[in-house]
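Undergrad: The structure follows.
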Amino acid sequence: YNMKRLKEILKSKTFLCYLFIIIVALVMSIPLFQAGIHTGHDGDFHISRTIGTMEEIEHGNSPLVISRFSRNLGFAWNLFYPPVSTIINVFFGFLTNNVVLAMKIFIFITFLFSGITMYQLVKTISKSNLAALLAAILYMTAPYRMLNAYTRLAVGEMASFIFIPIVLRGIYLFFNGKPNKSYLYVWGAIGLVLSHNISTMLTFIVGVVYVLMNIKKLKDKQLLKTFLISSGIIVLSVIFFELPLLEQMSTTKYEVSRKMYTDVSVMNSALNPLKLIFKDVPGCDNSMYFCIGIPLLIGLILTPFVYKQAKQIKNYRFFLIAGFVSAIMSTFIVPWFAMPDPLQMIQFPWRMLEMIIFFFSVVCGINFVLFMNMVIDKVHDFRAKKSKTVIQSNNKTNAIFKYCSSALITILSCVYALSFLKGTDYKVIDNSYYEEPEVIDYSWQVSRYSSYLEYWPQKAINNWDYSVNRDDKVAILSGSADIQNESKVNGILDFDISNVSDNTSLELPYLFYKGYQVTYTPSDGSEAKKLDVTESENGFVQVNIDSSMNGHIQVAYHATTLYKICFVISMATMIAYIIYLIIRKVRTKKLS
């Protein structure tokens with residue numbers, strides 16, 4: 001029975017489509033099959049984050065703050081940046097012992113699984129394997145995908161391409177008679193929130209619009225209950241990242257708050273509408289390409305010819321309209337300078353390309369198949385009219401025509417996508433490159449390891465000369481004390497104190513993040529105690545000591561109490577939800 005079932009699966013259209021998606025993902029990853037890698041805009045930052053996180057895990061430290069970054073002052077990459085891309089890269093980093101190879105695997109994974117999730121979405125909507133396959137291919141080969149994977153190396157956004165189709169598929173099924181599939185909405189949303197904040201915001205807006213379109217269905221109390229519980233599970237599952245992030249941001253001001261955007265910078269990043277059509281536009285900054293791409297444009301041109309049939313497909317018009325609205329939102333036609341602050345979090349209106357190619361891939365995959373069907377019908381009618389007899393449609397010939405047309409679309413899409421990478425340089429690097437001593441470009445305030453220092457406290461940036469010239473030692477801000485046997489190894493600081501005067505304040509060699517634990521152990525052997533930590537005027541960790549203190553002090557990052565509580569809640573929620581789904585599936589099988 002198992003062998004028979006296996007043969008059926010291998011011969012199924014779905015399996016063949018998945019196989020085709022794997023091949024396309026491999027083709028899109030051809031630039032990765034060489035010794036070097038193009039690290040682009042952000043690649044060095046994210047690869048270094050991977051190796052830094054691995055180091056903290058190996059040392060038994062909290063991976064939230066990477067101790068050797070920012071000149072051994074500690075840099076809180078993982079407190080501020082969503083964890084999905086980090087987890088994947090760290091897993092493959094440990095597996096291969098090569099963080100560059102881990103990044104290559106990550107890029108391939110984003111191509112592959114985004115293709116699979118898009119295929120599943122469009123198959124659910126259109127009930128057509130071929131439309132789903134073409135939509136997946138268009139989604140995987142859009143120029144903006146190449147820009148993200150090979151020029152920007154925006155790992156969070158790359159990961160979000162996987163989860164957006166899952167979220168929309170879950171919501172679609174929920175409101176179309178299959179609320180038992182709400183787990184797709186749950187897991188898709190969890191993955192998206194933990195991948196990329198801005199993609200989450202854009203998808204949330206789309207989701208709200210879709211829910212409002214179907215609001216009458218929520219009059220069903222059971223449906224409403226399922227929706228609210230599902231949304232609650234999502235919230236509880238992600239609070240381990242979101243609440244501690246808010247805690248940090250509310251404790252002090254970080255550079256990210258003023259470096260991210262201004263209304264002027266957002267408006268200046270809005271696209272000339274011609275940039276959506278052409279790779280290069282005279283008078284515009286053409287250092288990055290934001291064109292939708294020829295395959296998608298051809299698919300959109302077919303819309304008037306197939307619209308009569310296409311509009312019969314549920315939500316086709318929603319995806320079509322949402323795609324055009326997203327396209328307009330990416331341009332200077334929209335007065336971004338007047339937009340409310342939450343929307344300006346987008347930083348660059350051209351980020352709307354993610355939503356544009358998502359919506360248009362769905363539309364164009366359906367358009368191509370409907371146009372093929374229309375051509376087949378026209379040819380059949382022409383032959384029948386010419387022969388003046390009833391001609392039976394040749395299913396085999398029709399299938400060959402569709403397969404050949406689909407193969408042509410696929411080949412052209414792949415070749416076109418790879419053409420954007422001409423002239424790209426690939427440097428040969430490995431772990432040792434990311435283990436070199438850190439060098440901060442002081443004029444641009446940028447580092448291979450610490451990005452643009454956006455997670456530095458603003459006080460540390462405001463006192464720039466002090467911060468960059470400060471040694472990696474304890475500094476006495478006020479009062480006096482003898483500090484001996486000072487050592488700082490793998491981010492853990494130890495030193496002895498004695499002869500302390502009243503009102504003594506020490507500044508420790510760490511950028512300030514809430515969660516540093518300072519433990520004082522008296523030399524007389526009495527019980528150790530935790531000292532209160534504050535932020536110094538220079539943006540560093542500060543601790544006050546009194547004249548009665550004589551003993552040993554150890555400093556390490558241990559995360560906050562809120563983080564620990566939230567982590568337990570999130571893990572318990574996800575585990576409980578998995579157990580619930582397993583039990584439900586077992587019961588369903590027994591009943592069937």
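The values are calculated or read from the model by the stated rules, or taken from the named source; none is laboratory data. Every value quoted in this text rests on a predicted model; they were computed, and no experiment measured them. Cβ coordinates were reconstructed from backbone atoms using ideal geometry, including for glycine residues, and neighbour counts include every protein chain displayed. Ligands, DNA and RNA are stripped out before the accessible areas are found, and what is left, the full protein with its side chains, is counted by its heavy atoms. Shrake-Rupley method; radii C 1.70, N 1.55, O 1.52, S 1.80 Å.
Undergrad: Using the structure shown, decide if V446 is without any contact (Cβ under 8 Å) to a residue 12 or more places away in the chain, farther than 30 Å from N129 by Cβ and surrounded by 11 or more Cβ atoms within 10 Å (Cβ to Cβ).
TA: Yes; evaluated as a whole, the condition is true for this residue.
Undergrad: Where the second residue is part of a loop (DSSP other than H, G, I, E, B) and the first is touching a residue at least 60 places away in the same chain (Cβ under 8 Å) and lies in segment 526-538, which pairs have Cβ atoms under 7 Å and are six or more apart or on separate chains?
TA: E535/T252; E535/F512; N538/N463
Undergrad: Q312 fails exactly one of the following numbered conditions: (1) in a loop (DSSP other than H, G, I, E, B); (2) closer than 23 Å to P295 by Cα. What is the number of that condition?
TA: Status for Q312: all satisfied but (2).
Undergrad: List, please: which pairs have Cβ atoms under 6 Å, are six or more places apart or on different chains, and start with a residue in segment 365-377 that is over 14 Å from Y307 (Cβ atoms) and end with one that is open to solvent by 40 Å² or more (accessible area, probe 1.4 Å) and in a helix (DSSP H, G or I)?
TA: M372/K402
Undergrad: Please list, ordered by first then second residue, the pairs with beta carbon atoms under 9 Å, 6 or more apart or interchain, first in segment 455-475 and basic (K, R), second open to solvent by 20 Å² or more (accessible area, probe 1.4 Å) and in a helix (DSSP H, G or I).
TA: Partner pairs satisfying both residue conditions: R470/R71.
Matching residues to (1) open to solvent by 20 Å² or more (accessible area, probe 1.4 Å); (2) under 35 Å from the mean Cα position of the chain (by Cα):
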position: K314; (1), (2): yes, yes
position: P335; (1), (2): yes, yes
position: Q344; (1), (2): no, yes
position: K378; (1), (2): yes, no
position: K386; (1), (2): yes, no
position: C414; (1), (2): no, yes
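Undergrad: Counting just the residues of segment 477-508 that are free of Cβ contacts under 8 Å to residues at least 40 places away in the same chain and surrounded by 17 or more Cβ atoms within 10 Å (Cβ to Cβ), which one comes out nearest to the chain's Cα centre (by Cα)?
TA: E507
Undergrad: Within the bounds of segment 221-244, is there any residue that is outside any helix (DSSP H, G or I), charged (D, E, K, R) and open to solvent by 30 Å² or more (accessible area, probe 1.4 Å)?
TA: Among the residues of segment 221-244, not one is outside any helix (DSSP H, G or I), charged (D, E, K, R) and open to solvent by 30 Å² or more (accessible area, probe 1.4 Å), which makes the answer no.
Undergrad: Return yes when N544 is more than 23 Å from S62 (Cα to Cα) and in contact with a Lys or Arg (Cβ under 8 Å, 6 or more places away or on another chain) and no when it is not.
TA: So N544 does not fit the description; no.
Undergrad: Quick one: which residue in S265, S250, S269, S199 is without any contact (Cβ under 8 Å) to a residue 40 or more places away in the chain and more than 23 Å from Y580 (Cβ to Cβ)?
TA: Going through S265, S250, S269, S199 in turn, the sole match is S250.
Yes/no per residue for (1) farther than 20 Å from K473 by Cα; (2) touching a Cys at 6+ places or on another chain (Cβ under 6 Å); (3) not in a helix (DSSP H, G or I):
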{"site": "S526", "(1), (2), (3)": "yes, no, yes"}
{"site": "N538", "(1), (2), (3)": "no, no, yes"}
{"site": "I553", "(1), (2), (3)": "no, no, yes"}
{"site": "K564", "(1), (2), (3)": "yes, no, no"}
{"site": "V568", "(1), (2), (3)": "yes, no, no"}
{"site": "M571", "(1), (2), (3)": "yes, no, no"}
{"site": "Y577", "(1), (2), (3)": "yes, no, no"}
{"site": "L581", "(1), (2), (3)": "yes, no, no"}
{"site": "V586", "(1), (2), (3)": "yes, no, no"}
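Undergrad: Would you pick out the residues in segment 509-524 that are open to solvent by 30 Å² or more (accessible area, probe 1.4 Å) and either in contact (Cβ under 8 Å) with a residue 40 or more places away in the chain or not in a strand (DSSP E or B) (or both)?
TA: If the condition is that a residue be open to solvent by 30 Å² or more (accessible area, probe 1.4 Å) and either in contact (Cβ under 8 Å) with a residue 40 or more places away in the chain or not in a strand (DSSP E or B) (or both), then K514, Q517, S523, D524 are the ones that fit.
Undergrad: Please tell me if V266 is in a helix (DSSP H, G or I), closer than 18 Å to L134 by Cβ and open to solvent by less than 80 Å² (accessible area, probe 1.4 Å).
TA: No.
Undergrad: Something else: Which pairs have Cβ atoms under 8 Å, sit 6 or more apart or on different chains, and link a residue in segment 68-82 that is under 25 Å from S195 (Cβ atoms) and assigned to a loop (DSSP other than H, G, I, E, B) to one that is at pLDDT 95 or above and β-branched (V, I, T)?
TA: What qualifies is G74/V65; G74/I66; A76/V65; A76/I66; P82/V193.
Undergrad: So which pairs qualify, if the first residue must be in segment 102-122 and farther than 18 Å from A142 by Cβ and without any contact (Cβ under 8 Å) to a residue 40 or more places away in the chain, the second must be among the polar types (S, T, N, Q) and assigned to a helix (DSSP H, G or I), the Cβ gap must be under 9 Å, and the two must be at least 6 apart or on different chains?
TA: Listed by first residue and then by second, the contacts come to I105/N89; I105/T96.
Undergrad: Do we find that I400 is open to solvent by 30 Å² or more (accessible area, probe 1.4 Å) and in a loop (DSSP other than H, G, I, E, B) in this structure?
TA: No: the conditions fail for I400.
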